[in-house]
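Coordinate-derived values only; no laboratory data. Note that the structure is a prediction, hence the values are computed from the model and not measured. When we count neighbours, we look across all protein chains shown, and the Cβ atoms used for this are built from the backbone with ideal geometry, even at glycine.
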Amino acid sequence: MAISMRVRLLYSLAVLILIAFSSFLPGCNCENGDTGGTKINIIEALSSSDTEGYSIADKVIDFTFPKDHGPHESFRNEWWYFTGNLYDSEGNRFGYQLTFFRIALSPLTTDRTSAWGTNQIYMAHFTLSDIENEKFYCFEKFNRDALGLAGFSENPFKMNVGDWYMLGTGDGDFPWQLYASKNGVSLSLDVTPLKDIVFEGDDGLSYKSVDKSSASYYYSITKLATNGYIEIDGVRHEVSGNSWLDREWSTSTLNEEQGGWDWFSMQLNDNTEIVYFQLRYKDGSVYPYNEGLIVNDDSSTIKLGTGDIVLTVLDTWKSSTGVTYPVKWKAEVVSLAKTLIVEGAFNAQELDLSTRYWEGAVNIYDAQDTDEIIGTGYLEMTGYE
Amino acid sequence: MVSPILSRSIWKYFFKHPWVILLSIIGVSIGVAVVVAIDIANTSAQKAFEISVENVTGTATHQITGGPLGMDESIYTDFIMQFPEIEASPVVEGYVKLEGETIHLMGLDIFSSSYMTDEMSGTFDMSALSLLVVPRTVLIPYVMADRMDIANGDMITVSIAGSETEVKVIGNVGDEDDSKIDGLLVADISTSQELLGKTGVIDNISLVITEDDKDILTAIEEWLPVEMSLISTAAGNESTLNMTSAFRTNLTAMSMLALLVGMFLIYNTMTFSVLQRRGLLGSLRVLGATRREIFSEVLIEAFFISIIGTGIGVILGVVLGQGLVKLVAGTIDSLYFTLTVTTFEISSGIFIKGILLGVVTSLVASFIPAFEAAASRPQIVRFRSVIESLAQKLLPKITLAGLGMIGISVVILFLSESSLIAGFASLFLLVIGFALCVPMIAELISKYLGIFMNKVGSKTSVLYKMAVTGIAGSISRTGTAIAAMVVAISVVIGMGIMIESFRTTVQLWAQQMIQGDIYVNTMENVSSTAETPLPYELVEQIVVLDGIEATKGLKTVFLVTDYGTLEVDVITPVEQCRTEYQLKTGNDIPAWESLKNGEAVYISEPLAYKHNLSVGDAITFTTEQGKQEYGISGIYYDYSSDAGKIIMAKNVYTKYWHDDTIASLGLYLEDSADKDSIITAIKAIVADAAGITITDSFTIRGNVLDLFDRTFLITRVLEFLAIIVAFIGILSALMAYQLEKIKELGILRAAGVTPRQIWGMTGLQTGLMGAISGILAIPLGIFMSIILIQTINIRSFGWSIQMSIGAWTIIEALAIAIVASLLASVYPSWKMSKTSPAEALREE
C-alpha cells in the first residue's frame, strides 16, 4: 500500500535531494505557489531492487514497545507518519501532517573517524491545511544522522530533523510532543493514544503484492487525542482534535508494474477508523491487491483485503502544477454495507516539494446523506502526472 | 579630400624607404603590445583570484569563524537548533596537491547548500549520494577531469601535507563547459575531516543572510561563544581582493610607462617620416596641393601606419599576455592567496583600449608634423633653416614648460599624503617635464663641445666638429630624438635601480632574519589558517640532540583581530632570535622583553603603515577566552608579506588558542657543533615522516631570494620590455635622423669626403647623441627610482627599501644607449658610402 509506495517515495526523494537539493532545501510555501526546480517522476526514478545486506520483512515478529517505536536501521526505509484534524476554540478546522522518514543509504555502517560519516539520513515533511481559508503550507527538511542534526535517541525518546522533533516521555511513554516550524508556520502538539496499537496485514507483516513477494512491518495508532497550538503568520491558535500514526519499515520495493496509489485513513464519528489503500498500474488501472483495517470502538480490528472496499472517483481537480488528482471518491465498504463519500476538505493540498504528491485533510459523508460530515481523515495520492 | 595623385606620390615614397614605415610600425606595435599584454595579464590574474576567493566562500554572506585550528563541530548543531531559519553550512576545507597543482579540497555538508557557489548548485550528479557513505570519495569539476584525464571511478593520488593518499573520483561537479570551476575537489564533510586530519573540527560556518538583517546579526553575535567571530564574507572577500590592487596599479603604471616611451617613439618616427619628405611635400604644395590636402594626407598616412602597428601590437600583446598571466598569477599566489584556477581573460575592453591607445597616440604624435607640413608656405617649407630658427625660438619656452612640470611633480609628491595615483602622476610629470628640458641641454652640450673641439682640435677634426655641432644645428630633429632616448633609458635605469635595491634589501633582511643554523619544516600547508604542525614526538627527539644551543619553534597562523584576520608568526622567543627581528621603531631590548613575557607583540612595517599603528598602540585579538588586547612594543622590518604580519610569543598563543604545536623548528648550534652530523641525526629521526624538510640557513636564505625573484619576475620582464622599447626607440630615432641627412652627406661626398670619413662622422654623431641621452637618463632614472622606492613602493606596500644604485644598472643602460645608437648609424652610413655622390645629389 502506501507502505511500499512510500518506500519508493523515500528513495526517489533521497536521489532527488542530490540532484537538485539546493532549490528545495528552504522548503516551499505551497500557498504562495513558491516552488521551483525540476520534479522527478517518483516511479521512474525508483529502480533499486538491490536489497542485499539489508534486513528483509519476511516473517511475523513479536513487536516490543517502546523499542519498536524507535528506528530499525538495518532496514532500508522507515517512517513515523502523523496526520490529523484539529479545531481551535472558535471551531476553525486545521489539518496537519508531520512525517519523519529514515533512509539507509547503504546496508553497512563503515567505521569512520569522522562523526559526520553515517549511512543513515532523515527527511521530514510538515504541512498545515487552513481549511476555513483554504490555505495549504508545506515544508521539508533533510539531515544526516550525525551530531544530533537528525536521528533518534532512546532516552529521552526523541527523533529530530534539525529543530523539528517528536519527543516522548522518558523512554517512549505518551504523550508525545510534536514540533515543527518554518517561515512563520508552526505546530506544537501533544498526542496521546485513544486506541491500542493495531497491526496491519498478518500481525504487522504487511504484504505489497499479489504474490506476497515483498512486505513491510506496519502498525498504526488510529486515534490519538491531540492538544497544543499551531501558528500561521504569527497568529497562534490553541487547537485540539485527533491524530493518526502510521509506523512502517521495510527494505523491499514496489514491483515494476505499479504506478501509484491512493491511501485513505478515516476517523468516523462513531469511533471507528478505516484504513484502506488501492494500488494502480502504470496505466492508471487498479492493481489487484488491497489491504486495510476497520478499527472498532474497542480497538478490535477487521481485516480488509482486495475488493473489500470498492472505490470510485467522483470528481477531479487540476493543480496549478498541471497534475489532475481525484479529490472526491465513493467508497463502498462491502462488509459494513455502507457507502461513504470521501472528499478533500479543499482541493489545493498538493505538496509541491522535492517530490510531488497530494496529501490532505478530507471530509467523510454518508452517501445517503451528504449534508452531514460523519468523519474526517487524510487522503494520500501519489503517482499522478 | 586627398587626390589620388597626391596619395600615390606619397606612398611611392614609402616604397622607396621601407625602413621609415617599418620603424614607425614597430614603434606603434611595441607600445600597444606591452599595454595590451599587461592588461590581459592583470585582468586574467584578477579573474582567477576572484574565482579562487569565491570558491572558498561560495555564496555565503557571512561566516562564523573560530581560532586558527577551527572550532568544535558541535557548534554547528547548536547553531542550526538556535537559528533554524538561517541557511547555515559547515565547512571543512584545505589544500592538497594533485599532479603538482594546488587543489582546494572542499568538504561540505550536502544538506546545507549555502556553501556552494551558484555555478555548482543544482548540478550534482546522482552519484553524490555516495559521498556521504563511502569514505574517501570526491567529485571533480568537468573541466579538471578533462584536463587531467580523470574518469569517474578512477583512484587519484593526492598529497596532503606531504603524504600521499588515494581518493576515488565518483562523479563530476559543475557544468560540463564551465571553466570557472577548476582546481577543486568536492567531498563530504566527513571525508574532508578524515583526509585533512580535522576530525571533530570544522573551519567555519557559512551563512546566507539574505537581507542584511541587523537584528539577526546582533542575535547571532550575542549567542556566539567568545572565541568565535561573525564576519561578513563580502567585506572579507573585498579586502582580500583589495590586497592586490596596489600590485595591479603598479603593473598598470609600469605598462603606461612603457606606453609613454612608445609614444615618444611614435612621435619621433612620425615626425621624421613627415619631415624627411619636406621637399616632396613642398613640391606638392607648389604643384597646387592645398594645405588641407597635405594635412589630411599626413594624418591618413599616420592612421594607416597606426592601424597596421596596432593590429600587430594587439596580436603581439595577446601572445605576450599569455606568458605574463602565469607570472602575475605566480606573484599573487606567492604574495597573497592560493590560486586554484588559471584563466585567460580577453575582453573587448582590452582591445578597444589597446586600439585607441595605438591609433590616438599615433594621430596625436603626427598632428604636429602634419600641421607643420601643411601650415608653411610652399616655397618656405622646403627650407629647413626656417624650421630650425623657429625651433630655436621655441626651445626656451619648451624648457620652461618642462621645468614647470617638474615643479608641479615635486609639489604633488610632497602634498599628496598616501595616494598611489598621485605618486604615479608625479612620476609621469617628472619624466615628461625632464624630457622637455632635454633638447635645450643637448643643444648646450653640443655647442660647448663644439667650442671645446675648436680650441683643441686639429684641422682634420673639422668634419667631426661638424658632426658634433650638427646636433645643435638641427635641434628640432635631434632634440626629439634625444628626448625620446632619455625617457627610454631612464625607465630602464629607474626600474633597474628599484629592483636591485629591493633585492639587496631583502637579501640583507634574510641574512638578519635567518640566524638559525638548521631548520626543520613541514612542507605543504593544508589549512589556510594554520601551518601544518610538526609531529610532537619528532620535535622532542630533535631538541635534545647534542650540539644544539637553542631552538626556536615557529608556527604561522591567522588570527582574528580588530584589524581583520591577520597573519601571525608564533615563536618561542629564545634569546638567539631577538636580533632576527630588526626594529624600525621601538627599543630593542625592552621591546623584546615585553614580547617574551607575553605582554606585547611586534608588528611588521607594512601593517604599521597600513593601519597607521605605532609603538604603544594596541591590537585586540579574538581568543578562545574572549577578546584580549596586546600592546605593540616594536615595529620590525618584514618583506614576506605586504598585508602585514605580527610576531607573538608562543606561551600567549598556546594559552589563548590552546594550540601547543609548532610548524617549524629553528636550531641554533653551539660553536663547536658539527652541522653535518646533526643534520644526519635529524634525518634519522625524521626518517619516513612525510612532508618534512631539513634545510640549513644558507639554503633558506637562497630560497627567500628565489621566492623574491619568482615574485618579481613580472617586474623583470617589464624591465626587459622597457629595454627592448628603448633599444628600438633609439635605433629608430637615430636611423630616421641620419636617413634624413643623407642628402647633406651627399653634398659632403661630392665635396670630397671619403666614405670612411662619412662612417666616422655619422658614427660620432649618433654615438654622441646616444651618449648624451645615456648621461642625461642617469639623473632622471635615479630620480625615478627614488620616487618608485620612496613613494610608490611605500604607498603600495609599506616596505622600506634601502636605495642601492648598482653600477651595473647604469653601465647596462649606457651600453644600451651607445650600442643602439652606433647600430643606428650603420645603415645610413653604409647606404651613403655605397652611393655615388652624384646620385646622392640628384635626389636633392
Give the residue from A:LEU311, B:MET263, B:TYR581 lying farthest towards the positive end of the charge dipole for the protein assembly as shown; charges sit on Cβ (+1 for Lys and Arg, -1 for Asp and Glu) and the dipole is referred to the Cα centre.
B:MET263
Spelling it out for B:ILE346: with amide H atoms placed in the peptide plane at 1.01 Å from N, the residues 5 or more places away or on another chain with amide H under 5 Å from its amide H are none
Beta bridges per DSSP with both ends in the stretch B:524-690, % antiparallel, nearest 5
70 percent
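If neighbour count is taken as other Cβ atoms inside 10 Å, put A:LEU304, B:LEU430, B:LEU230 in order from fewest to most. Don't skip to the answer; put the middle values down first.
Working: A:LEU304 21, B:LEU430 24, B:LEU230 17.
Fewest to most other Cβ atoms nearby, the residues stand as B:LEU230, A:LEU304, B:LEU430.
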A convex hull over the alpha carbons of the stretch B:535-637 yields, per residue, a volume in Å³ of 113 Å³
Can you pull the mean other chain C-beta count within 10 Å for peptide A:116-126?
4
Go through B:ILE723, B:THR572, B:ALA88 and say which Cα lies farthest out towards the positive end of the charge dipole of the protein assembly as shown; charges sit on Cβ, +1 for Lys and Arg, -1 for Asp and Glu.
B:ILE723
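For a 20 Å ceiling on Cα separation, which of these pairs sit above it: A:LYS303/A:LYS338; A:LYS195/A:LYS303; B:LYS552/B:LYS675; A:LYS223/A:LYS328; A:LYS208/A:LYS282; B:LYS97/B:LYS168?
On the way: A:LYS303/A:LYS338 16 Å; A:LYS195/A:LYS303 17 Å; B:LYS552/B:LYS675 17 Å; A:LYS223/A:LYS328 23 Å; A:LYS208/A:LYS282 16 Å; B:LYS97/B:LYS168 15 Å.
Violating the 20 Å Cα-Cα cut-off are A:LYS223/A:LYS328.
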Take each of the peptides B:556-563, A:51-58, average the number of other beta-carbon atoms within 10 Å over its residues, and list them starting from the highest.
B:556-563, A:51-58
Can you tell me the mean projection area, over all orientations, of the convex hull of the protein assembly as shown's alpha carbons? Units nm², please.
62.4 nm²
With θ set to phi - 60° and the Karplus curve 6.51 cos²θ - 1.76 cosθ + 1.60, what are the ³J(HN,Hα) couplings of the stretch B:141-151 in order, to the nearest whole Hz, using x for Gly and Pro?
x, 3, 4, 5, 4, 4, 4, 9, 6, 10, 9
Taking 0.36 nm per residue of separation between B:GLN802 and B:LYS447 and subtracting their Cα-Cα distance, the length gained on full extension comes to 123.9 nm
Shielding by other protein chains, A:104-115, mean Cβ within 10 Å:
5
Order these by the 10 Å Cβ neighbour count, fewest first: B:LYS326, B:LYS555.
B:LYS326, B:LYS555
Nearest 5 is fine: what % of DSSP beta bridges in the protein assembly as shown come out antiparallel, could you say?
90 percent
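Taking the number of other C-beta atoms within 10 Å as the exposure measure, put B:PHE797, A:PHE65, A:PHE199 in order starting with the fewest.
Numbers: B:PHE797 22, A:PHE65 11, A:PHE199 18.
Result, fewest neighbours first: A:PHE65, A:PHE199, B:PHE797.
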Have a look at A:VAL161, B:CYS437, B:SER306 and report the one farthest towards the positive end of the charge dipole of the protein assembly as shown, computed about the Cα centre with Cβ charges (Lys/Arg +1, Asp/Glu -1).
B:CYS437
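May I ask you to derive the FRET efficiency for B:LYS393 and B:ILE308 from their Cβ-Cβ distance with R0 = 35 Å, giving the value to the nearest 0.05? Working shown, then result.
Values: r = 36 Å, r/R0 = 1.03.
After rounding, the FRET efficiency stands at 0.45.
Which order do the peptides B:364-374, B:542-552, A:119-129 take when ranked by the mean count of other beta-carbon atoms within 10 Å per residue, highest first? Don't skip to the end; give the middle numbers.
On the way: B:364-374: 20.3, B:542-552: 16.5, A:119-129: 25.1.
Highest mean packing first, the order is A:119-129, B:364-374, B:542-552.
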Using a 10 Å cut-off around each Cβ of peptide B:131-137, what is the average number of partner chain Cβ atoms that fall inside?
5
Assuming R0 = 30 Å, can you tell me the calculated FRET efficiency for the pair B:TRP830 and B:LEU280, based on Cβ-Cβ distance, to the nearest 0.05?
0.80
Return, ordered by residue number, the residues of the stretch A:122-166 whose backbone nitrogen is under 18 Å from a label point located 7 Å along Cα→Cβ of A:PHE65.
A:154-155, A:157-159, A:166
Overall dimensions of the stretch A:2-382 by Cα: Rg and Dmax, Å:
19.3, 65
May I ask you to evaluate 6.51 cos²θ - 1.76 cosθ + 1.60, the Karplus curve with θ = phi - 60°, for each residue of the stretch B:182-197 and list the ³J(HN,Hα) values in order in whole Hz, giving x for glycine and proline?
8, x, 9, 10, 9, 10, 6, 4, 5, 4, 4, 4, 5, 5, 8, x
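Suppose every Lys and Arg Cβ carries +1 and every Asp and Glu Cβ carries -1, with no other charges. What dipole size does the protein assembly as shown come out with about its Cα centre, to the nearest 20 debye?
On the way: 81 positive and 139 negative charges, 2393 e Å.
Dipole of the protein assembly as shown, to the nearest 20 debye: 11500 debye.
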Take peptides B:668-678, B:752-762 and line them up by average Cβ neighbours within 10 Å, highest first, as a rough protection proxy.
B:752-762, B:668-678
Note, the stretch B:570-583: 3J(HN,Hα) by Karplus (6.51, -1.76, 1.60, θ = phi - 60°), whole Hz, Gly/Pro = x, goes 8, 10, 8, x, 6, 3, 4, 9, 4, 6, 5, 9, 7, 8
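Determine the relative contact order of the stretch A:2-382: mean sequence separation of Cα pairs under 8 Å and six or more apart, normalised by residue count, in whole percent. Display every interim value, and only then the final one.
Working: 980 pairs, mean separation 60.2, N = 381.
It comes to 16 percent, rounded to a whole number.
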